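**Q** The structure follows.
Just so it is clear, none of the values below were taken in a lab; they were calculated from the coordinates. Everything numeric in this text was worked out from a predicted model, so none of it was measured. Heads up, the Cβs are rebuilt from the backbone with ideal geometry, glycines too, and the neighbour counts pull from every protein chain shown.
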Amino acid sequence: MAKRMVIHGPNINLLGSREPTIYGNATLDEINQTTQQWARRSGVTVELVQSNHEGEIVDCIGRAKNVFDAIVINPAAYTHTSVAIRDAISAVGIPAIEVHLSNIYSREEFRHHSLIAPVAYGQVCGFGSFSYILGLEAVKKVILKQS
Ligand code: DQA
């Protein structure tokens with residue numbers, strides 16, 4: 001099963017016009033297209049989801065069990081607040097990579113703490129939209145050890 005779920009959290013649908021000096025100019029559609037190009041080249045299936053709702057993200061993670069072999073998630077603002085998303089990741093036991101476009105450690109102090117990081121396999125942040133590709137590459141090469 002070479003199937004990965006990519007989850008974009010709240011306000012990621014606004015990329016392109018949302019604080020471009022922090023998040024860049026790429027829209028969510030463009031990021032998703034680049035992700036699907038990577039997936040085709042890499043011979044894996046990627047399902048892409050965006051939600052502004054915590055419960056929907058929890059449901060998505062819950063559905064991933066036995067269907068996806070890894071989750072790449074940008075929990076966005078829920079990174080800093082959501083026990084529910086953290087618990088969902090622990091509950092399904094699928095490796096999850098936490099990704100962020102911006103370097104959360106060089107920003108406001110409230111962004112320095114991630115509730116997700118302790119249950120994530122690893123974290124990628126600060127590389128703009130390329131953070132997603134780095135996360136997917138890490139899943140492939142480091143976690144699943146595929147060439
Ligand atoms: C973000 C960083 C979060 O702190 C913020 O709330 C976001 C986006 C990022 O990708 O850089 O919405 O996850």
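**Q** If each residue's Cβ is checked for other Cβ atoms within 10 Å, how do Ser90, Ser82 rank with the fewest at the top?
**A** Values: Ser90 12, Ser82 21.
So the residues, fewest neighbours to most, are Ser90, Ser82.
**Q** Which cross-chain or sequence-distant (5 or more) residues have an amide H under 5 Å from the amide H of Val46, H modelled 1.01 Å from N in plane?
**A** Counting only residues 5 or more places away or on other chains, the set is Arg4.
**Q** Here's a follow-up. Taking the alpha-carbon centroid of each part, what is the distance from the range 126-147 to the range 63-113 in angstrom?
**A** If we compute the Cα centre of each part, the gap is 15 Å.
**Q** Let me ask something additional. Give the order of Asp69, Asp29 when sorted by the count of other beta carbons within 10 angstrom, beginning with the fewest. Spell out each step's value before the answer.
**A** Values: Asp69 18, Asp29 11.
Fewest-to-most ranking of Asp69, Asp29: Asp29, Asp69.
**Q** Using a ≥ b ≥ c from the Cα gyration tensor of the range 1-76 (square roots of the eigenvalues), is it rounded, prolate or oblate, where a/c under 1.5 gives rounded and otherwise the larger of a/b and b/c decides, a/b for prolate? Before the final figure, lay out each step's value.
**A** Details: a/c = 3.13, a/b = 1.29, b/c = 2.43.
Note, shape of the range 1-76 comes out oblate.
**Q** Using the 10 angstrom Cβ neighbour count as an exposure proxy, how do Phe130, Phe110 rank, fewest first?
**A** Details: Phe130 17, Phe110 10.
By the 10 Å Cβ count, ascending: Phe110, Phe130.
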